[in-house]
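The values are calculated or read from the model by the stated rules, or taken from the named source; none is laboratory data. All of these numbers come straight from a predicted model, not from anything done at the bench. Cβ placement follows ideal geometry from the backbone for every residue including glycine, while neighbour counts extend to all protein chains displayed. Heads up: the accessible areas ignore ligands, DNA and RNA and are worked out on the full protein's heavy atoms, side chains in. Shrake-Rupley method; radii C 1.70, N 1.55, O 1.52, S 1.80 Å.
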Amino acid sequence: MHNARPLLSLIIPTLNERAALPILYDRLLVVATTLNERGMESELIFVDDGSTDGTRETIKRLTKQQLPVRLIERTTRGLATAVVTGLNAAHGTMLGVMDADLSHPPELIPSLVEALASHELVVASRHLPGGGVEEWPWHRKLFSDMATAVAQPLARSCTDPMSGFFFMRRSVIETVKLKPVGYKILLEILVKGHFKTLTEIPYLFHNRNYGKSKLNGKVTLEYFWHLILLYSWKYTTSLH
Ligand SMILES: Nc1nc2c(ncn2[C@@H]2O[C@H](COP(=O)(O)OP(=O)(O)OP(=O)(O)O)[C@@H](O)[C@H]2O)c(=O)[nH]1
Ligand SMILES: [Mg+2]
């Protein structure tokens, strides 16, 4: 039977995040119940790039519980392309992206979804009053601020183009060829996506309590390569 209720597909990239997953799932279950009461269905799509810590097995166990859960197992690496793989597999009219390590509070999701009623793209931002990061060493903060500043001309009005926590209507990316490099999938969508209205909701980025960071020098280099590609893309498209 055709399901007429709007569906939210939540894409969650994973790389060795086993310890956080049961907690994340429980918190998402509460969120999905709230959304359900508001007439919406939810599905979770995990995209894993070769975790070796039992992440895949843990997700497979979650597929047998209440929420519709899918696991996509890739043999390649890359956060942003993992998200694209998840987006391509999603059935929802609303698409959400979040990290698996509990840095992004799932409890914000109902507000993000609600904002989709009047905006095509909704970003959870650390750079608005009321938002921020819990506690970062000065060098990480400096690097993040610099990375944000050099991307700002690409970011339209978005204050946190580095955010990995955002929701959008399917139409934003439906006919778009996304070809991101590295980590920053939102930046790719801000440049190439089809949207007129964007809004942001502040949030506090929690430091991870489980698992290890995957940020490294390679990710940083990839970021600069991605920027070069996006600036060239924007420049050449504006010539047409
Ligand atoms: N599928 C996939 N997921 C990834 C990859 N790299 C990172 N992730 C996931 O993407 C999310 C963000 O990665 P993190 O390492 O937490 O990056 P971060 O939040 O900027 O850094 P921390 O604050 O140190 O956690 C997490 O859910 C990771 O498991 C990858 O190559 N493939
Ligand atoms: Mg993280």
Qualifying position, being away from ligand 1 (no atom under 14 Å from the Cβ) and acidic (D, E), among E222, E174: E174
Members of region 15-43 that are in a helix (DSSP H, G or I), under 16 Å from S111 (Cβ atoms) and open to solvent by less than 30 Å² (accessible area, probe 1.4 Å): L28, V31, A32, L35
Residue tally, condition in contact (Cβ under 8 Å) with a residue 40 or more places away in the chain, in contact with a strand residue (DSSP E or B) (Cβ under 8 Å, 6 or more places away or on another chain) and more than 13 Å from T14 (Cβ to Cβ), over region 55-80: 1
Checking L67 against (1) under 27 Å from N207 (Cβ atoms); (2) crowded, with 20+ Cβ neighbours inside 10 Å, the condition it does not meet: (2)
Options R169, R156: the member that is under 25 Å from W233 (Cα atoms), at pLDDT 95 or above, open to solvent by 40 Å² or more (accessible area, probe 1.4 Å) and not aromatic (F, W, Y): R169
Residue match in region 99-119 (condition: part of a loop (DSSP other than H, G, I, E, B) and among the β-branched types (V, I, T)): no
